[in-house]
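Single-structure report; data block below.
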Amino acid sequence: MSEKYLTIADAAVAMRDGTTTSVAITQEILDRTATLNPALGAYVEVTADAALEQAAAADAALADGIDHGPLQGIPLAIKDIIAMREAPTTANSRVLDPEWGKGTDAPVVARLRAAGAVFVGKATTSEFALGLPDPDKGFPIPHNPWNVAHTPAGSSSGTGVAVSAGLALGGLGTDTGGSVRGPASVNGHTGLKVTFGRVPKSGVVPLGFSLDSIGPMARSAYDCALLLEVMAGYDASDPNAADVPVPKYSELLSGDIAGLEIGLPIPYFFEHEKLDPEMKEAVLGAVKQLVDLGARSEEFELPYANEAKDANHIIMVAEAYAYHRNDLVNRWTDYGYATRPTLARGAFYTAGDVAQAQRFRMMWSRLVARAFEKYDVMITPSAPAPAEKASEMTVSRRLLTPNYTGHWNLTGLPAVAVPVGFSTAGLPLSMQVIGKPFAEATVLKVADALQRITDWHLAVPPVEALVAAA
């Protein structure tokens, strides 16, 4: 992908000053996708003809003086659990009804379409946003563009790969326990989990009804802000959608974070025995850069973090089991090898287990709210380590690995994953910034301030060489 147009913001400017066109950018992305997608597995379906038609329409509108905003003509990837009328929604599964969402747009897709966005295709996902890749089911297997032997994480794997490898300038992911931030973390770009209810999630195959959110994924925090301005806002079709005003997020990213109070929850998040030293060092180094910009940081203790991870998992699996129960009984082997036992775990949690998890959720949310009485944001690593080898991924390993993201789904708070460097093995490292309810502007402001003085988010993986070697 031309490094001149890596970001949505740069591409939008270039289209308006006549340097390039949406058709040119879209064609380049489609050509790159045709070459790299077989090896990277970013898309389950590429809608090339429709994308070029949308790009031509965006260019024609600009030529006629019709400007719908900076997303006009921007090629995006849509996670394959979100309805988009050009292609079926499969949830990367043989179980989902082929008629599900057929020919319709989810509200979030309709909003992007109205803003003139171009849709490259449906991006691969973990099955039903939960399982591990299963080669026996016939769907593309996503690979990390920094090292194809490593995982791109999930469940918004394809969108993360597409953004990192230049197969889209941005896109949509969903996040129930970290599925936007995980791929952003290991693929080296920015990903925002929004406040629960900030973006309507109707037209999306559910995982955890009380935890799910749709978030923007792009190279920069500024690009995520541009996407969120269009995505966010109330929609009556979603009973959980919040009727809260939508700020002009991009105009609030000034780079000025003087006086901002940062809380660092040290136990668990910074002292866990499985935290990679390079990840810890990179995140603390980024915090120091924020302090040099005028922020203040303080270490503190946020208790019960390990229990919060477990509570998020119990609620997520119980809610997912409720959705899939009948199909699990009748179509067990149609599910992937890792999806079916994970979903079935929901049958073994008792009503008392789920009730206790919900009681804990309320208590944990109060503890977090109390911390936010003092701090504007909290910062942790986005993950305990860089991307693991795909060959080492198992259901048991996932259960036993610390998770730094599900805590904030439990509270419904916004959190953004931000690149902060690379490991000695050349894999991306990432920091997570967590904010107060509906304070997406604040977490994006912190991420943007860091990205104004660093360029980790603009690093381009050597995809062609890696694919050739593989």
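Per 0.36 nm of contour for each residue apart, how much would the distance between Ala34 and Leu252 grow if the chain were fully extended, relative to their Cα-Cα spacing? Walk me through the numbers on the way to the answer.
Values: separation 218, 0.36 × 218 = 78.48 nm, distance 3.75 nm.
Result: 74.7 nm gained on full extension.
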The alpha-carbon center of the range 280-357 and that of the range 132-160 are separated, in whole Å, by 20
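When ranked by the protection proxy of mean other Cβ atoms within 10 Å per residue, highest first, what sequence do the peptides 153-162, 90-99, 393-402, 306-315 form? Before the final figure, lay out the partial values.
Details: 153-162: 33.6, 90-99: 19.3, 393-402: 13.0, 306-315: 21.0.
Packing order, densest peptide first, comes out as 153-162, 306-315, 90-99, 393-402.
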The extension gain from Lys288 to Ser202, computed as 0.36 nm times the residue separation minus the Cα-Cα distance, is 26.9 nm
In the neighbourhood of Asp243 defined by beta carbon distances under 14 Å, the net charge of the other residues (Lys, Arg +1; Asp, Glu -1) is -1
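For the range 264-379, calculate the relative contact order in percent as a whole number, restricting contacts to Cα pairs under 8 Å that are 6 or more residues apart.
Details: 70 pairs, mean separation 37.6, N = 116.
Contact order relative to length: 32 percent.
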Taking every other residue with Cβ under 9 Å from the Cβ of Val108 and scoring Lys and Arg +1, Asp and Glu -1, one gets 0
Sorting Arg85, Arg113 on solvent-accessible surface, 1.4 Å probe, most exposed first, gives Arg85, Arg113
Taking alpha-carbon centroids only, the range 211-279 lies from the range 25-55 a number of Å equal to 28
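First compute the accessible area of the range 47-99 with a 1.4 Å probe, then give the percent of it belonging to carbon and sulfur atoms. Display every interim value, and only then the final one.
Details: 1100 of 2050 Å².
Roughly 54 percent, rounded to a whole number.
Quick check for me: using +1 on Lys/Arg Cβ and -1 on Asp/Glu Cβ, what's the dipole size of the chain about its Cα centre, in debye to the nearest 20?
Working: 37 positive and 52 negative charges, 186 e Å.
Computed about the Cα centre, the dipole is about 900 debye.
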Residues meeting the amide H criterion for Glu388 (H placed from the backbone, H to H distance under 5 Å, 5 or more places apart or on another chain) are Thr151
Farthest towards the positive end of the dipole of the range 1-132, among Met15, Val95, Tyr43 and with Cβ unit charges of +1 on Lys and Arg and -1 on Asp and Glu, lies the Cα of Val95
Counting Lys and Arg as +1 and Asp and Glu as -1 over every other residue whose Cβ sits under 14 Å from the Cβ of Glu53, the net charge comes to -1
For the range 147-302, the dipole about the Cα centre with charges only on Cβ (Lys and Arg +1, Asp and Glu -1), to the nearest 20 debye, works out at 420
Residue-ordered couplings for the range 348-365, obtained by feeding phi - 60° into the Karplus form 6.51 cos²θ - 1.76 cosθ + 1.60 and rounding to whole Hz (Gly and Pro as x), are 9, 7, 7, 4, x, 4, 5, 4, 5, 4, 5, 5, 4, 4, 5, 5, 4, 4
Restricting to lysines and to Cα separations under 26 Å from Lys436, and discarding same-chain partners fewer than 8 apart, the set is Lys193, Lys201, Lys248, Lys280, Lys288, Lys309, Lys374, Lys445
Sorted by chain and then number, the residues having a modelled amide H within less than 5 Å of the amide H of Met431, at least 5 places away or on another chain, are Ser382, Val418, Val420
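Determine by what factor the alpha-carbon radius of gyration of the range 389-470 differs from 2.2 N^0.38 Å, reporting the quotient.
Details: Rg = 16.1 Å, N = 82, 2.2 N^0.38 = 11.7 Å.
This ratio for the range 389-470 stands at 1.37.
The values are calculated or read from the model by the stated rules, or taken from the named source; none is laboratory data. The structure presented is a predicted model; accordingly, all values stated were derived computationally and were not measured. Every residue, glycine among them, receives a Cβ derived from its backbone with ideal geometry; neighbour counts consider all protein chains shown. Note: areas computed on protein heavy atoms with side chains; ligands, DNA, RNA excluded. Shrake-Rupley method; radii C 1.70, N 1.55, O 1.52, S 1.80 Å.
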